[in-house]
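Engineer: Below is the structure I would like to discuss, written out as structure tokens.
The values are calculated or read from the model by the stated rules, or taken from the named source; none is laboratory data. Because the structure is predicted, anything quoted here is derived from the model rather than measured. FYI the Cβ positions are ideal-geometry reconstructions off the backbone, even for glycines, and counts take in every protein chain you see. For the accessible areas, the whole protein counts, side chains as well, though only heavy atoms, and no ligand, DNA or RNA atoms are used. Shrake-Rupley method; radii C 1.70, N 1.55, O 1.52, S 1.80 Å.
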Amino acid sequence: MFGHFTLRSRLPRPPEAVWADAVSRRGINDEFFPWLRMRLPPGDLPARLDQPARIGRCWMLLLGCLPVECDELTLLRLEPGAFDERSSMLGQRVWWHRRRVRATAGGCEVVDRVAFQPRCAWMLPVCRPLFRLVFAWRHYRLRRRYR
């Protein structure tokens, strides 16, 4: 059984500037701050991928220090303005996150689509509002940063 949701935010900034932050370590962690921090594998993040690539193990740290989840991050698509991630996590059999940053009149729109399948079906009613809350926070942080 899968859970899924979509969130959208319009921002008064050029899509290139928003995208550059969306795929940087600083930008990713600014979206989660102060509740979570994502510790990515060492090395540079790719700017573009021509084929799916396993990026590696990413730890989610509650309040920046307590490990609460581990993501085996795999990017299916990465190009300016778009990424598709399909990964597995400790608590999720499948985690799928798709982000698009598209130009609009006066700025851009960020669209996050998330789907997931918990390893234990009974966790779906817990995961759905929790993940939606995390992404609502990320979008709040984006709107605050780019107002």
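Engineer: When you scan the stretch 128-135, do you find a residue that is exposed (fewer than 15 other Cβ atoms within 10 Å of the Cβ), of a type in the set (A, V, I, L, M, F, W, C) and closer than 14 Å to ARG8 by Cα, even just one?
Structural biologist: Yes.
Engineer: I would also like to ask the following. Report, by residue number, each residue of the stretch 48-63 that is modelled with pLDDT of 95 or more and at positive phi.
Structural biologist: Taking the stretch 48-63 first, the residues modelled with pLDDT of 95 or more are 57-63.
Passing the criteria: only LEU63.
Engineer: Inspect all residues belonging to the stretch 68-80 and state whether any of them is of a type in the set (D, E, K, R) and closer than 26 Å to ARG13 by Cβ.
Structural biologist: Among the residues of the stretch 68-80, at least one is of a type in the set (D, E, K, R) and closer than 26 Å to ARG13 by Cβ, which makes the answer yes.
Engineer: Could you list, in sequence order, the residues of the stretch 106-119 that are under 22 Å from PRO14 (Cβ atoms) and either open to solvent by 40 Å² or more (accessible area, probe 1.4 Å) or β-branched (Val, Ile, Thr) (or both)?
Structural biologist: GLY106, VAL110, VAL111
Engineer: For the stretch 60-105, which residues satisfy the criterion of being open to solvent by 70 Å² or more (accessible area, probe 1.4 Å) and touching a Gly at 6+ places or on another chain (Cβ under 7 Å)?
Structural biologist: Of everything in the stretch 60-105, just one residue is open to solvent by 70 Å² or more (accessible area, probe 1.4 Å) and touching a Gly at 6+ places or on another chain (Cβ under 7 Å), namely ARG102.
Engineer: Are any residues in the stretch 7-59 assigned to a helix (DSSP H, G or I), of a type outside the set (Lys, Arg) and open to solvent by 80 Å² or more (accessible area, probe 1.4 Å), and if so, which ones? Before you say what the answer is, go through the steps one by one.
Structural biologist: At the first step, the residues of the stretch 7-59 found to be assigned to a helix (DSSP H, G or I) are 15-22, 25-32.
Applying the additional criterion that residues be of a type outside the set (Lys, Arg) yields 15-22, 27-32.
Matches in the stretch 7-59: GLU16 only.
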